[in-house]
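The values are calculated or read from the model by the stated rules, or taken from the named source; none is laboratory data. These figures come from a predicted structure and were not determined experimentally. FYI the Cβ positions are ideal-geometry reconstructions off the backbone, even for glycines, and counts take in every protein chain you see. Just the protein is used for accessible areas: all its heavy atoms, side chains included, with ligands, DNA and RNA removed. Shrake-Rupley method; radii C 1.70, N 1.55, O 1.52, S 1.80 Å.
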Amino acid sequence: MLSVRNLSITFAMYEAGLRRRAITPIAGLDLDVRAGELLGVIGASGSGKSLLAHAVLGILPSNASAAGQIWFKGELLTPARQEALRGKEIALIPQSVGFLDPLMRVGRQVRRAAQLSGASSPVEAQRRIFERYGLRPQDARLYPFQLSGGMARRVLVSTAAVGQASLIIADEPTPGLHPEVVAETLRHMRELADEGRAVLLITHDVGAALTVADRIAVFYAGTTVEVAPVADFQGDGAALRHPYTRALWRALPQNEFISLPGAQPTPDDLPAGCLFAPRCPLATAECRAARPELRPVRGGWARCIHVES
Amino acid sequence: MVGAGFSMLDVSFTMLMLSFVIKKAARLAALLLMLSAVAFALVSLSPIDPVTAYVGADMLRVGPEQRARIAERWGLDDPPVERYLRWLGQVAQGDLGVSMIYRQPVIEVIGQRFLASLGLMGAAWLCSGVLGFALGVLAGGSAGSVFDRLVRWFAYVLASTPTFWLALLLLIVFSVELRWTPICCAMPAGIAPEDVTLAQRLHHLILPAATLSILGVANITLHTRQKLIAVLESDYALFARAQGETRWSLIRQHGLRNIALPAVTLQFASFSELFGGSVLAEQVFAYPGLGQAAVPAGLRGDVPLLLGIVLFSAVFVFTGNTLADLAYQLLDPRIRLAQLA
């Protein structure tokens with residue numbers, strides 16, 4: 001459904017004295033997601049997860065430029081193609097209620113989303129999707145600020161599910177929510193995938209992603225370090241391929257609960273070699289010399305020279 | 001159940017409005033009291049002798065005894081505090097006194113004059129609001145374009161243009177050179193007021209109203225443009241684009257809705273500029289409005305009229321600001337519904 005190949009995103013910034021400076025928060029990002037599959041995209045904040053969503057939709061800020069390739073249903077995406085697909089074939093579920101128009105009733109916003117997606121009867125489509133997500137008909141008359149956390153999530157999911165989009169990108173859909181609401185939201189994501197849509201679940205919550213995803217893509221400092229089936233996340237993490245993924249797995253409360261010392265490098269201060277080398281227990285001189293390629297390893301992908309295929 | 005719910009809503013809404021009105025009325029009373037005291041003090045300290053100003057060219061024929069009699073009749077010899085309190089007592093009974101210049105009750109002078117100003121200010125207020133909002137939307141929607149730069153340049157030039165200068169310029173071009181518009185006044189000379197047609201009145205209104213409108217446009221244009229740019233950079237605009245909105249459909253769906261309220265508020269809050277502008281514009285065009293009456297009232301020491309106009313203009317500006325407040329309370333669901341909750 002969607003293939004991202006070697007995506008990089010560069011921002012042009014102006015410093016004091018009007019000197020132009022370019023920073024590249026995303027470089028060497030790769031992933032695939034198939035129809036009916038839920039791909040969890042995990043990584044710490046600042047690893048470029050939201051930018052990926054905006055790049056696929058073609059709504060990056062004007063001072064950003066993207067390189068690399070994004071394929072959708074076997075077709076290379078161009079800005080014109082993205083404009084035609086936005087809201088119809090590709091839909092976004094945003095982080096919070098702050099992404100809804102504060103002065104428009106939520107029913108109208110869902111109807112507008114339905115209309116933009118090409119629905120023949122937006123009114124009927126909104127009524128049905130509200131019913132599906134347990135929202136009452138009178139909830140359509142509420143303004144975003146009147147929604148509870150759970151209702152807000154259902155409205156946001158409704159805006160994406162009301163159309164026939166075959167790819168749904170959920171950008172951090174469970175921040176700071178009540179555990180029950182998190183579970184409900186994750187269940188909705190799973191249902192969307194089970195309907196045959198491709199779902200990208202972008203989150204920093206590794207535990208949440210593991211409960212519903214089919215495969216997990218791990219980002220580190222704007223690059224894909226590993227893609228693994230969910231089944232590989234078990235025991236001591238021996239089935240995992242990249243030392244960073246293993247560190248993430250061990251850091252979970254139900255496992256060893258040990259977090260990795262150090263911090264992810266910032267885009268304006270990236271190491272010359274492997275981006276993870278400064279924090280990696282396996283790092284050698286070779287790692288610091290050149291960036292490793294992403295290569296197939298045991299039914300997944302890894303960007304590490306120390307893992308045997 | 002539903003019906004009961006709504007009537008409860010109505011009751012609490014009425015209570016809310018009632019407390020709003022009481023609060024505003026108390027504030028207005030305090031404002032008028034202080035304003036009248038300051039205005040009275042300034043007039044008392046003014047070097048203008050009302051009697052001299054009143055007598056004017058007849059100075060030679062009026063002897064010192066006669067002047068003293070006028071001063072006594074007007075109570076000018078009493079201490080200022082006493083005079084202020086006496087005036088205040090009359091105002092409390094609804095009597096603003098009699099204008100020395102027009103020899104008519106102040107209330108009547110203000111009433112007639114304000115009616116003329118109302119047409120002028122109303123036309124200018126509407127034109128500048130509609131035109132300014134439209135220019136602001138077009139400029140903000142195409143931020144950075146040549147059109148946007150032109151609009152901004154135009155607005156900055158207008159914002160730094162003095163009213164009287166623009167009024168004179170318009171007079172020279174349209175009345176003197178092109179002869180499209182009359183040179184002065186609210187109606188043609190030599191015609192009884194009851195015979196003047198509406199068309200003639202409008203013809204005389206064009207230039208003064210245009211002057212005031214053009215000057216009012218700058219503020220609302222720049223404000224609307226800035227606000228629209230902020231809306232277009234918001235999270236909800238980003239999400240709307242992700243849903244397939246294009247730039248102008250985004251502005252239609254979400255932009256106008258989110259910038260209309262600040263624009264309406266700004267326009268109501270601009271009553272003070274409007275009134276100040278009308279004083280100057282009416283002076284240049286000899287348009288017989290309230291502003292044109294304010295100038296001689298000050299120059300010739302017509303204290304009752306001047307204080308009357310000061311009070312009236314304060315009420316006028318206060319009304320504008322109150323309407324601006326109300327606009328938010330009534331139109332913004334976040335405030336309206338949050339207060340009821």
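General observations
- Per-residue shielding of A:100-107, expressed as the average number of other chain Cβ atoms within 10 Å of the residue Cβ, stands at 5.
- Accessible surface of the stretch B:2-92, 1.4 Å probe: 70 percent of it comes from carbon and sulfur atoms.
- For the chain pair A and B, buried accessible area totals roughly 2300 Å², probe 1.4 Å, rounded to the nearest 100.
- If you take the Cα centroid of the stretch A:251-309 and the Cα centroid of the stretch B:75-113, the two points sit 87 Å apart.
- Long-range amide H partners of A:Tyr220 with built H, under 5 Å: A:Val225
- Here chain A is assigned +1 on the Cβ of each Lys and Arg and -1 on the Cβ of each Asp and Glu. Its dipole about the Cα centre then comes out at about 700 debye.
- Think of each Lys and Arg Cβ as +1 and each Asp and Glu Cβ as -1; about the Cα centre, that makes the dipole of chain B roughly 720 debye.
- Sequence of A:Asp232, B:Asp235 from largest to smallest accessible area, 1.4 Å probe: B:Asp235, A:Asp232
- Counting Cβ atoms of other protein chains within 10 Å of each residue's Cβ and taking the mean over peptide A:85-97 gives 3.
- By average C-beta atoms within 10 angstrom, highest first, the peptides B:188-195, B:277-284: B:277-284, B:188-195
- Accessible-area composition of the stretch B:106-340, carbon plus sulfur, in percent [1.4 Å probe]: 70
- Packing rank of B:130-137, A:187-194, where each peptide gets the mean count of other beta carbons within 10 Å, highest leading: B:130-137, A:187-194
- Backbone geometry of the stretch B:115-132 corresponds, through the Karplus equation with coefficients 6.51, -1.76 and 1.60 at θ = phi - 60°, to 3J(HN,Hα) couplings of 4, 5, 5, 4, x, 5, 5, x, 4, 5, 5, 5, 4, 5, x, 5, 5, x Hz, x marking Gly and Pro.
- Here the Karplus curve 6.51 cos²θ - 1.76 cosθ + 1.60, taken at θ = phi - 60°, turns the phi angles of the stretch A:43-55 into couplings of x, 5, 5, x, 8, x, 5, 5, 4, 4, 4, 5, 5 Hz, with x standing for Gly and Pro.
- In chain B, the longest principal axis of the Cα atoms and the axis of helix B:2-45 are about 40 degrees apart.
- Comparing the full protein assembly with the isolated chain (1.4 Å probe, heavy atoms, ligands and nucleic acids excluded), the residues of the stretch B:309-341 losing at least 20 square angstrom of accessible area are B:Pro333, B:Arg334, B:Leu337.
- Heavy-atom accessible area with a 1.4 Å probe sorts B:Arg61, A:Arg154, A:Arg288, A:Arg86, largest first, into B:Arg61, A:Arg288, A:Arg154, A:Arg86.
- Projecting the Cα atoms of B:Val91, B:Leu76, B:Leu18 onto the charge dipole of the stretch B:2-92 (Cβ charges, centred on the Cα centre) puts B:Leu18 farthest toward the positive pole.
- Folded to 0 to 90 degrees: helix B:256-269 orientation relative to chain B principal axis, Cα: 10
- Solvent-accessible ranking of B:Arg334, A:Arg197, largest area first, probe 1.4 Å: B:Arg334, A:Arg197
- Accessible surface of B:Lys227 - all protein chains present, 1.4 Å probe, nearest 10 Å²: 80
- Inter-chain Cβ neighbour count for B:110-122, averaged per residue, equals 0 (cutoff 10 Å, partner chain atoms only).
- If you model the stretch B:197-309 as an ellipsoid using its alpha carbon gyration tensor, with each semi-axis the square root of five times an eigenvalue, the axes come out at 43, 16, 10 Å, biggest first.
- Calculated FRET efficiency for the pair A:Ala290/A:Thr78, C-beta based, R₀ 35 Å, to 0.05: 0.65
- The sum of -39500 (n - 2.57) across all DSSP H runs of n ≥ 4, divided by the residue count of the protein assembly as shown, sets its helix-only mean residue ellipticity at 222 nm to -17000 deg cm²/dmol.
- Label zone at B:Val173, where the point sits 7 Å out along the Cα-to-Cβ direction: the stretch B:205-220 residues whose backbone N lies under 14 Å: B:207-208, B:210-215
- Computed over chain A with a Gaussian network model linking Cα atoms closer than 10 Å, the most mobile of A:Leu31, A:Leu77, A:Leu142 is A:Leu142.
- Judged by the mean number of other Cβ atoms found within 10 Å, the most tightly packed of the peptides B:308-316, B:169-177 leads the ranking B:308-316, B:169-177.
- Think of a 1.4 Å ball rolled over the protein heavy atoms: the protein assembly as shown then has 49 Å² of accessible area per residue.
- Degrees separating the helix A:149-161 axis from the principal Cα axis of chain A, which is the longest one: 90
- When +1 charges are put on Lys and Arg Cβ atoms and -1 charges on Asp and Glu Cβ atoms, the dipole computed for the stretch A:171-309 relative to its Cα centre reaches about 500 debye.
- Each part reduced to its alpha carbon centroid, the stretch A:35-74 and the stretch A:95-142 end up 25 Å apart.
- Mean-position separation - Cα centroids, the stretch B:227-244 and the stretch A:173-244, in angstrom: 29
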